[in-house]
Amino acid sequence: MTRTCLNCKETFECKPYVVRRGHGRYCSHACSDKGRSRPMVKRFWDAVDKSGTIPGHVPELGPCWIWTRGKVNGYGILAKPGHNSGYVVAPHFSWGLHAGKVPKGKCVLHKCDNRACVRPSHLFVGTRTDNFEDMVRKGRSVWQKRWKGICKPK
């Protein structure tokens, strides 16, 4: 499949499975290193699609902003500058960009329940307990799904 390098704008051939894995954006390692040296804010906005779907259970929030690049367990990731420097989870970066640093010991949670969403109005800060309680309240826990058909209320 033919792709255009994000750094030098040259076209190059790439295997489809590479693109499906979220790679294949640069024609070479040199261009990849230069691409990573672009400011993180610029790389963040290049990966956001603001025309996502509107969550059915909270339509008043508006459409999700979907992360279009690499993901781990459904959550967008943004590479830190430098080779092998790791990555930042995209919703955390979005929160930091729009609302300030995430307090120590806190998590960034989704009102929309869409892991790929980075829209700040869809995010909120809470503890791991808050995250668990939110999951149970919305019926997303594994044990609730497993027992729903077996344990029926009398």
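A few comments on the model shown:
- Residue among Pro153, Pro103 that alone is over 12 Å from the mean Cα position of the chain (by Cα) and at pLDDT 90 or above: Pro103
- Any hit, the range 52-60, residues being under 20 Å from the mean Cα position of the chain (by Cα), under 30 Å from Leu123 (Cα atoms), β-branched (Val, Ile, Thr) and not in a loop (DSSP other than H, G, I, E, B): no
- Tallying residues that are more than 16 Å from Thr68 (Cβ to Cβ) and of a type in the set (D, E, K, R) within the range 8-30 yields 4.
- Scanning the range 6-22 turns up no residue that is closer than 19 Å to Arg119 by Cα, not in a loop (DSSP other than H, G, I, E, B) and not polar (S, T, N, Q).
- Residue that is nearest to Leu97 (Cα to Cα), among those in the range 5-55 that are among the small types (Gly, Ala, Ser) and modelled with pLDDT of 90 or more: Ala47
The values are calculated or read from the model by the stated rules, or taken from the named source; none is laboratory data. Please read all numbers here as calculations on a predicted model, not as lab measurements. Here Cβ is always computed from backbone atoms with ideal geometry, including for glycine, and neighbour counts include all displayed protein chains.
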